[in-house]
Amino acid sequence: MKTYTIITGASKGIGKAFAFECAAKKMNLILVARSAELLNKLADELTATGVEVKTIAIDLLEAKAADKIFDRIKSEQWNVNMLINNAGIGDHGAFAKQSLQHQLNTMQLNMNVMVEMAYLFLHNSDKTQKRYILNTASTGAFQPVPNFSIYTATKAFILSFTESLHFEMKQQLVHVTALCPGGTETEFFSGSENMQKVVKKNQAYMMPAKDVALQGLEGLLKNKTIIIPGLVNKVGAVAAQLMPRKMVVSTAAKFFDIKE
Ligand SMILES: NC(=O)c1ccc[n+]([C@@H]2O[C@H](COP(=O)([O-])OP(=O)(O)OC[C@H]3O[C@@H](n4cnc5c(N)ncnc54)[C@H](OP(=O)(O)O)[C@@H]3O)[C@@H](O)[C@H]2O)c1
């Protein structure tokens with residue numbers, strides 16, 4: 001029976017790179033994001049490589065978005081065996097100066113929607129086959145970062161959730177992996193002026209989305225718990241585990257030029 005991989009946040013950046021890496025492995029795809037036009041263009045390109053591609057254009061912040069996606073999957077009888085839970089947003093700026101609604105939306109998309117997608121996937125996929133869940137976290141999951149407070153907290157949540165789920169699913173033919181990229185060349189930083197400043201500061205460490213997605217996909221297939229692409233990012237994540245907590249926060253603040 002034909003199987004499909006669901007990719008959220010597939011229209012751009014890391015999600016789009018995942019779509020190409022999956023297609024290169026002859027995996028059929030269900031691409032999810034808001035931009036129907038970008039999804040359709042991408043679907044045409046990928047279909048030409050010989051895989052089957054479906055698109056679901058939906059705002060994941062709308063009520064019951066995850067339910068709507070799985071209702072469609074059930075009604076079309078698409079057999080899903082992999083979920084790449086990748087859609088996420090974030091912004092840079094002091095907590096008290098940012099819009100509260102935007103920060104609540106960041107929490108909703110990065111945590112609640114990701115959890116709903118994982119839960120519905122586990123309950124709406126064939127348990128007798130090997131199944132796969134990749135959750136995109138961030139190196140921000142390893143340390144609190146002032147002026148990225150909500151974003152890094154959501155990523156710490158994803159990392160913790162994914163590590164537990166990996167353990168719970170060990171005996172059940174379900175691979176579960178957290179992908180923790182550092183700075184990656186995507187449109188993620190294009191939104192606000194603050195974000196563009198962050199990218200300028202990190203230019204030397206930015207990785208291509210293709211490398212990040214490939215390492216994520218290969219780690220998922222091998223059932224690695226955590227994948228941190230890039231040596232600098234790996235060293236940073238380990239250092240954050242070893243340093244005293246207070247020093248971790250002040251070092252992160254210094255890195256982003258944030259004064260106490
Ligand atoms: N870039 C980095 O440096 C970096 C580092 C660490 C972790 N990450 C994580 O990697 C993941 C992908 O980010 P990226 O860098 O590829 O960012 P991106 O280029 O901005 O892409 C984000 C994707 O998410 C989709 N999306 C955003 N809001 C959505 C919504 N409300 N409903 C449905 N889809 C939505 C976007 O599609 P539409 O706009 O078409 O909806 C797009 O496909 C995120 O979880 C991010 O936190 C990124």
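The values are calculated or read from the model by the stated rules, or taken from the named source; none is laboratory data. Source: prediction; values computed, not measured. Positions of Cβ are backbone-derived with ideal geometry, glycine not excepted, and every protein chain shown enters the neighbour counts. To get the accessible areas, we keep the full protein, side chains included, count just its heavy atoms, and leave off ligands, DNA and RNA. Shrake-Rupley method; radii C 1.70, N 1.55, O 1.52, S 1.80 Å.
For segment 168-177, residues that are among the polar types (S, T, N, Q) and either more than 19 Å from the chain's Cα centre (by Cα) or part of a loop (DSSP other than H, G, I, E, B) (or both) total 2.
Among the conditions (1) within 8 Å of the ligand (Cβ to nearest atom); (2) touching a strand residue (DSSP E or B) at 6+ places or on another chain (Cβ under 8 Å), the only one that T225 does not satisfy is (1). When only residues in segment 227-250 that are within 16 Å of K155 (Cα to Cα) and not in a helix (DSSP H, G or I) count, which is least open to solvent (accessible area, probe 1.4 Å)? Applying the filter and picking the extreme gives P229.
Contact map, segment 2-28: first residue without any contact (Cβ under 8 Å) to a residue 60 or more places away in the chain and away from the ligand (no atom under 13 Å from the Cβ), second residue part of a loop (DSSP other than H, G, I, E, B) and among the hydrophobic types (A, V, I, L, M, F, W, C), Cβ cut-off under 7 Å, separation 6 or more or different chains; pairs are A23/V51; K26/V51; M27/V51; N28/V51.
From the residues in segment 106-142 that are assigned to a loop (DSSP other than H, G, I, E, B) and within 16 Å of the ligand (Cβ to nearest atom), which one is nearest to V238 (Cα to Cα)? Checking each candidate, the answer is S138.
Of all residues in segment 218-260, those satisfying the criterion of being at pLDDT 95 or above and among the basic types (K, R) are K222, K224, K234.
Looking at V145, is it buried (at least 16 other Cβ atoms within 10 Å of the Cβ), in contact (Cβ under 8 Å) with a residue 24 or more places away in the chain and either farther than 29 Å from L242 by Cα or more than 14 Å from the ligand (Cβ to nearest atom) (or both)? No, not satisfied. Looking at A213, A156, A204, A253, just one residue is of a type in the set (A, V, I, L, M, F, W, C), surrounded by fewer than 15 Cβ atoms within 10 Å (Cβ to Cβ) and assigned to a helix (DSSP H, G or I), and that residue is A204. For segment 167-190, the count of residues that are surrounded by 15 or more Cβ atoms within 10 Å (Cβ to Cβ) and in contact with a Cys (Cβ under 7 Å, 6 or more places away or on another chain) is zero. Considering segment 96-105, and only residues there that are within 16 Å of the ligand (Cβ to nearest atom) and part of a helix (DSSP H, G or I), the residue that is surrounded by the most Cβ atoms within 10 Å (Cβ to Cβ) turns out to be Q103. A search for C-beta distances below 6 Å between a residue of segment 178-196 that is assigned to a strand (DSSP E or B) and more than 7 Å from the ligand (Cβ to nearest atom) and any residue that is of a type in the set (A, V, I, L, M) and open to solvent by 40 Å² or more (accessible area, probe 1.4 Å), counting only pairs 6+ apart in sequence or on different chains, returns A178/I226.
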